[in-house]
Amino acid sequence: HELEAQNQIINHFLQQVKYKIVVMSGKGGVGKSTVATNLAVFLSNQGYQVGLLDVDVHGPSISGLLGLTGLRLNTIGNKIQPYPYDENLKVVSIQGLLDQPDAPLIWRGPVKIGIIRQFLSDVNWGTLDFLIIDSPPGTGDEPLTVAQTVTGCQAVIVTTPQEIALADVRKSIHFCQTVKMPILGIIENMSGFVCPTCGNMHEIFKSGGGKKTAADYNLTFLGQLPIDPGVVTAGDAGQSIDTLTSHTKEKMQHIVDQLIH
Ligand code: ADP
């Protein structure tokens with residue numbers, strides 16, 4: 001009965017969110033959290049109401065990327081208050097509920113599932129145009145819970161261009177197909193590097209693999225993002241998109257435009 005009541009609260013909240021997007025990747029370190037954060041920031045800069053939810057229970061990185069490392073989430077009554085990053089963007093991360101941010105979490109599946117459900121039922125999100133969910137890499141409990149709980153959720157899959165990453169992306173595609181979650185498209189991150197000295201494009205991790213995989217599975221290719229030291233600087237300093245090159249910002253905007261249309 002309790003689960004049923006919680007489902008009703010979750011569905012009531014989700015019905016008011018126009019787009020529910022989970023950002024997935026086959027493996028770690030491909031820039032999934034960076035892309036999720038940038039998507040959220042670009043959309044909120046365009047005036048949309050955006051919720052950014054980090055369900056990466058074991059490696060939450062959203063709050064660090066946005067410079068919110070000391071983030072604590074408050075509760076009012078029995079509701080968790082999301083962190084208001086700016087007037088359009090609200091952030092919720094497991095990081096904000098931990099007393100010791102660097103202590104590793106040892107939680108089994110049911111606990112993680114319970115927390116993710118609570119982030120949907122017990123957070124004062126308000127009305128959102130977009131709920132962007134940063135899922136941990138792979139196809140474990142967290143993306144499964146999202147797929148089963150977030151009615152209407154669609155996936156964006158982030159990969160790097162080389163074959164070893166693409167092999168894992170295919171698993172993510174099969175996962176989405178199995179749980180019947182529509183895939184909005186694939187983003188190829190770390191795709192080429194424009195050398196600031198010589199101006200030429202160097203394909204450090206090759207390029208084009210994301211596009212080819214999208215074509216193989218008849219999926220939308222949303223675009224490529226280059227390797228940009230400004231992305232690392234922004235992430236490490238928690239400055240979101242401030243230090244991205246204009247080339248990266250253009251590419252990101254192109255991806256956002258594709259998602260909206
Ligand atoms: P994931 O969520 O897939 O584990 P992250 O988003 O945490 O990956 O990114 C891993 C690291 O790679 C971070 O230090 C981030 O700043 C860096 N990174 C991500 N995308 C790019 C990029 N396009 N160019 C340069 N560095 C990047």
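The values are calculated or read from the model by the stated rules, or taken from the named source; none is laboratory data. If you're wondering where the values come from, they're calculated on a predicted model, not measured in any experiment. With ideal geometry, Cβ positions are generated from the backbone for all residues, glycine too; neighbour counts draw on all protein chains shown.
Hey, any hits in region 241-258 for a residue that's over 16 Å from the mean Cα position of the chain (by Cα) and on the phi > 0 side of the Ramachandran plot? The answer is no; no qualifying residue exists.
Residues that are touching a residue at least 60 places away in the same chain (Cβ under 8 Å), within 24 Å of residue 58 (Cα to Cα) and of a type in the set (A, V, I, L, M): which strands (runs of 3 or more DSSP E) entirely in region 124-203 hold 3 or more of them? Give the derivation first.
Values: elements: 130-134, 153-159, 183-188.
Passing ranges, in order: 130-134, 153-159.
Applying the set (1) of a type in the set (A, V, I, L, M); (2) within 13 Å of the ligand (Cβ to nearest atom); (3) modelled with pLDDT of 90 or more to residue 62 leaves exactly one unmet item: (3). Restricted to region 148-192, and to residues there that are more than 16 Å from the ligand (Cβ to nearest atom) and among the aliphatic types (A, V, I, L, M), the residue that is nearest to residue 221 (Cα to Cα) is 184.
Number of residues in region 212-246 that are within 11 Å of the ligand (Cβ to nearest atom), in a helix (DSSP H, G or I) and of a type outside the set (D, E, K, R) equals 8. If you go through region 173-193 and keep only what is in contact with a Gly (Cβ under 7 Å, 6 or more places away or on another chain) and of a type in the set (Val, Ile, Thr), you end up with 186, 187. Residues being among the aromatic types (Phe, Trp, Tyr) and farther than 13 Å from residue 187 by Cβ: count how many of those fall in region 211-261. The number of residues fulfilling the criteria is 1. Quick one: in region 143-165, of everything that is out of contact with any strand residue (DSSP E or B) (no Cβ under 9 Å at 6 or more places or on another chain) and of a type outside the set (A, V, I, L, M), which residue is nearest to residue 64 (Cα to Cα)? Only one residue fits best here, namely 145. If the condition is being within 12 Å of the ligand (Cβ to nearest atom) and over 23 Å from residue 168 (Cβ atoms), then region 12-57 contributes no residue at all. Does residue 172 qualify as being surrounded by 21 or more Cβ atoms within 10 Å (Cβ to Cβ) and at positive phi? Judged against the criteria, residue 172 is not a match.
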